[in-house]
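Here is the structure we will look at, set down as C-alpha cells.
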Amino acid sequence: AMDRGDADLMRMIFWEDGGFGPGKPAATAKDFVDPLVVAMTAKYEATHHSVSNILVELNGPVAFAESYATVYHRTFPNRQSNESVLGPDWLNSGAINPDASHDLIAGVRYCDRLQKRGAEWRISIRNLIFDWTRVEPSNQFGFGALNDKTLLGRRGERDFSNQDAC
C-alpha cells in the first residue's frame, strides 16, 4: 500500500479505530491514512518494503504477529526531502550531499495486534521497531535500476502491475 501510494489499500490493512502504538493509537486509521500517504509520497521518491520471517500467534479473535522487514526509502534530490527524511544533523554534518538522492535502508520489525471482526482480520495496533539503519547515495539510474531500460515500479495507476500486463 505504501510503496504504491495507495490510501484505499492502506485503509484495508487497519481497522478504522486501529493505528500505530505502543498502547492506544495516537491517531486512528480513519484519520492518519490519507495524511501519512501524502507525507510519504511527498518526501520519498520511491519506497520498497520486503517483509519476511512472520510469526503469528492466534488466540481466538485476536492474533499477535511479529514480522521482519527490510525497507528502502529514496529521497528526492533536494535539501527539503533530505532534511525531512534524515534530519538537519545529517545535512549539517557534511556526510551527505543535501542536493542529491539518498537511500535510507532499514531493518525493522512490525509487532502487530490483529483482530477478527466478522470474517475479516485487520491490524488494530502496529508497533514499529527499528533494528538498524543505513544511508547511502542513490545510484544514477533510479530506484533499483540497472540501466536506463530497466522497468521501474511506479506509484498508483502508472505501475506496470496496473496495466493488465503481468
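Every read-out reported here was derived from the displayed coordinates using simple, explicitly stated rules and does not represent laboratory data. Since the model is a prediction, treat every value here as computed from it, not as a measurement. Note: ideal-geometry Cβ built from the backbone for every residue, glycine included; neighbour counts use all protein chains shown.
Once amide H atoms are built 1.01 Å from N in the peptide plane, which residues 5 or more positions from I125, or in another chain, come under 5 Å H to H?
Residues meeting the criterion, in which the H sits 1.01 Å from N, are G19, R113.
Which residues in region 100-132 place their backbone N less than 12 Å from a point set 7 Å from the Cα of E66 along the Cα-to-Cβ direction?
The answer is 109-112, 129.
Which distance in nm do the two modelled labels at V51 and A27 give, with both placed 7 Å along the Cα-to-Cβ direction?
2.1 nm
Among the aspartates and glutamates, which have Cα under 16 Å from the Cα of K24 when same-chain residues fewer than 8 positions away are ignored?
The qualifying aspartates and glutamates are E16, D112.
Within 10 Å, count the other beta carbons around each residue, average over each peptide in 73-79, 87-93, and list them highest first. Working shown, then result.
Values: 73-79: 18.7, 87-93: 11.9.
With the highest mean Cβ count within 10 Å placed first, the list reads 73-79, 87-93.
Can you list the residues, at least 5 places off or on another chain, whose amide H is less than 5 Å from the amide H of H102, using H built in the peptide plane?
HN-HN under 5 Å from H102: T75, S138.
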